[in-house]
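Peer 1: Got a structure for you, written out below as structure tokens; questions coming shortly.
Bear in mind these aren't lab numbers, they're just calculated from the coordinates by the rules spelled out. Treat the numbers as computed from the prediction; the structure is a model and nothing was measured. Please note: Cβ atoms are built from the backbone with ideal geometry, for glycine as well, and neighbour counts cover all protein chains shown.
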Amino acid sequence: MDLKENPLLNLSLLHPFEEVRSLNLSAPGFDLFIGFFDDVEGYKSLKRLRNLEILDLSSNRFNNSIFPFLNAATSLTSLFLRNNNIEGHIPPKELKDLTNLELLDLSRNQLNGSVSELTHLKKLKALDLSYNLFSSSMELQELKKLTNLEVLGLAKNHFDGPIPVEEELASS
């Protein structure tokens, strides 16, 4: 279901579509969905979509309060949260049940802290953390625990040293 750029959307309209597998609510930077998640009911609508496999919430100015409501979507394989207002540490508790994720895009936010909070996502094949505020290049060694990882985006962060090369990440 592609509802991007639809300024008339009210998320309570999703109730009859609980079997939907793909949902695109990305906005092109025009804040079209600002206000639709201001009340808790908007977030609860996401919790009802338990069969959701692909969710794109890019460019909506969401903050960290979106995470607790995503945790119910345990069927998610692809989650796009790029270009929002997510800041601080990656919330491990809120992502702990998303173990089917193969693609996670957290680029263009204001995340910092430890990337090790993502190492329980063993099925990840693609991870984009570019354009954030990560700084510890030593912590990147933790990503070698993601043995299925094929694509890693780290551009435009604030790393304090050299980024380990592929061979260093692959070695045990």
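Peer 1: Could the peptides 58-65, 133-140, 105-112 be put in order, highest first, of the mean number of other beta-carbon atoms found within 10 Å of their residues?
Peer 2: Per-residue Cβ counts within 10 Å, averaged per peptide and sorted highest first, yield 105-112, 58-65, 133-140.
Peer 1: Report ³J(HN,Hα) in whole Hz for each residue of segment 86-97, in order, from the Karplus equation J = 6.51 cos²θ - 1.76 cosθ + 1.60 where θ = phi - 60°; Gly and Pro get x.
Peer 2: 7, 9, x, 6, 5, x, x, 4, 6, 9, 4, 8
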